[in-house]
Amino acid sequence: MKQRRLAWAGAAVAGLVATAIGVTAWMDDEMVPPPSTAGSPTSIAPASRTLQPLVASGTQAAFVDSLLGSNLRHQIEALLLEANAMGDTSDPAVIRKRAASLVTRHFPADQAVRAAALVERYIDYRVALVDIRPPTDPSDPRALRSAIEARDRVRSNYFAAEENEALFARDTELDRYTLARLEIERNNALSKSQKEAALREAEAGLSAAHRAQRADATSYLGVAEQTAAFDTGGTSDQARYAQRQATHGDAAARNLAQLDREERDWQTRLGDYDAARKSGASEQELQRVRGLLFSEPEQLRLPGALTARAQAAMRP
């Protein structure tokens with residue numbers, strides 16, 4: 001059954017565009033994929049709407065839909081994260097019931113009925129994404145374009161145009177940029193200088209917010225690569241600080257040193273818990289150990305962190 005193919009920890013299709021450019025996520029930033037639902041897709045016919053005057057022009061006035069704000073997707077994802085925190089399950093009836101019970105904690109009372117219906121369709125949409133095969137080579141612009149178009153068709157099946165705009169408008173610009181960048185990089189007819197000029201032109205087409213986001217992501221990737229090299233080489237704390245200070249400045253070097261300490265502490269606690277698991281301790285004892293070692297938010301990260309730890313241990 002489809003619901004057995006899903007896990008709360010993350011979607012199989014997440015992060016492919018992030019791999020390509022380090023800025024945006026592939027399908028969405030799918031943090032909480034819900035389980036499958038039975039039956040046909042929920043209708044996208046919009047319910048009655050709460051509209052607020054925006055501006056008057058002559059005898060006509062423009063209105064804004066108070067539900068379909070720029071924060072809509074974040075609200076839905078936060079609701080699903082809270083539903084996940086109530087306990088793992090693959091039963092669609094349980095997920096729907098939880099989501100319905102949480103709507104008024106994430107949306108105003110006058111939006112609750114429409115929001116509940118939209119959340120149900122969002123759950124169906126997230127399930128439908130699992131059936132889309134991600135491109136084998138995410139750096140192939142033709143394959144990526146085909147997959148994005150398939151995703152967009154799924155969106156149009158579950159959401160009205162204005163809902164699509166509120167939920168996903170910020171993705172569209174990054175999708176266009178990603179495809180343009182890949183096409184430029186794969187175009188062997190362009191010289192290096194021509195490619196650099198074309199890439200600058202493509203990036204100039206991004207909004208100011210997305211340009212800043214890309215600059216932050218690029219900077220982060222550079223820091224991450226440097227830290228990975230330090231870890232591989234066993235670089236001392238003093239040498240790390242000196243190199244980071246020269247590259248990123250004193251404040252960043254201090255912050256990164258603190259992150260190093262926190263990461264080492266996290267890995268130590270993970271190791272202690274993993275050892276307790278492998279010792280044959282009872283579930284009651286493991287629950288006690290989790291409570292001693294990890295905060296509640298950290299406990300939500302445990303399954304993914306333990307999987308990553310096991311995979312890293314298997315690498316040559």
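The values are calculated or read from the model by the stated rules, or taken from the named source; none is laboratory data. Not measured: the values here are computed from a predicted model. Here Cβ is always computed from backbone atoms with ideal geometry, including for glycine, and neighbour counts include all displayed protein chains. Areas reflect the complete protein model, heavy atoms only, side chains present, ligands, DNA and RNA absent. Shrake-Rupley method; radii C 1.70, N 1.55, O 1.52, S 1.80 Å.
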Area of LEU79 that stays accessible when all protein chains are in place (1.4 Å probe, Å², to 10): 0
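Could you compute the FRET efficiency for ALA189 and THR232, with r as their C-beta to C-beta distance and R0 at 35 Å, rounded to 0.05? Please report the intermediate quantities before stating the final value.
Details: r = 38 Å, r/R0 = 1.09.
E(calc), rounded to 0.05, equals 0.40.
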Return the carbon/sulfur percentage of the accessible area of the range 227-302, one whole number, probe 1.4 Å, all protein chains in place. 50
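Using alpha carbons only, what's the Rg to Rh ratio of the range 145-298 with Rh from Kirkwood? Could the numbers behind the result be given before it?
Values: Rg = 22.9 Å, Rh = 20.5 Å.
Using only Cα positions, Rg/Rh for the range 145-298 is 1.12.
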Using a 1.4 Å probe on heavy atoms of the protein chains only, the accessible area for ASP272 in Å², nearest 10, reads 80
What nm value, rounded to one decimal, do you get for the distance between ARG170 and ALA100 when each label is placed 7 Å out toward the C-beta? 3.1
How large is ³J(HN,Hα) for each residue in the range 92-104, as worked out from phi by the Karplus curve 6.51 cos²θ - 1.76 cosθ + 1.60 (θ = phi - 60°), to whole Hz, x for Gly and Pro? x, 5, 5, 4, 4, 5, 4, 4, 4, 6, 9, 4, 6
From the phi angles alone, apply the Karplus equation (6.51, -1.76, 1.60; θ = phi - 60°) to the range 300-309 and give each ³J(HN,Hα) in whole Hz, x where the residue is Gly or Pro. 5, 7, 4, x, x, 5, 5, 5, 4, 5
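Which of rounded, prolate, oblate describes the range 232-316, given a ≥ b ≥ c as roots of the alpha-carbon gyration tensor eigenvalues and a/c under 1.5 marking rounded, otherwise prolate only if a/b is larger than b/c? Write down the numbers at each step before the final one.
Details: a/c = 3.16, a/b = 2.07, b/c = 1.53.
Prolate, since a/c reaches 1.5 and a/b exceeds b/c.
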Each label sits 7 Å from Cα toward the beta-carbon; between TRP266 and GLU225 the label points are separated, in nm, by 2.2
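Which of rounded, prolate, oblate describes the range 119-212, given a ≥ b ≥ c as roots of the alpha-carbon gyration tensor eigenvalues and a/c under 1.5 marking rounded, otherwise prolate only if a/b is larger than b/c?
Working: a/c = 3.63, a/b = 1.71, b/c = 2.12.
Because a/c hits 1.5 or more and a/b fails to exceed b/c, the range 119-212 counts as oblate.
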Counting only residues 5 or more places away or on other chains, whose amide H sits under 5 Å from the amide H of SER66 once H atoms are built in the peptide plane? THR50, GLN52
Over the range 90-193, average the accessible area per residue using a 1.4 Å probe and give it in Å², no decimals. 50
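Sort HIS248, HIS74 by accessible area with a 1.4 Å probe, largest first.
Details: HIS248 70, HIS74 115 Å².
So, going from the largest accessible area down, we get HIS74, HIS248.
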What do you reckon, how do VAL113, VAL103 stack up by accessible area (1.4 Å probe), largest on top? VAL113, VAL103
Per the rule of 0.36 nm per residue minus the C-alpha distance, extending ASP152 to ASP131 adds in nm 6.2 nm
What are the ³J(HN,Hα) values, in whole Hz, obtained from phi via the Karplus relation 6.51 cos²θ - 1.76 cosθ + 1.60 with θ = phi - 60°, for each residue of the range 162-174 in sequence order, with x given for Gly and Pro? 6, 5, 4, 4, 5, 7, 10, 4, 5, 6, 4, 4, 5
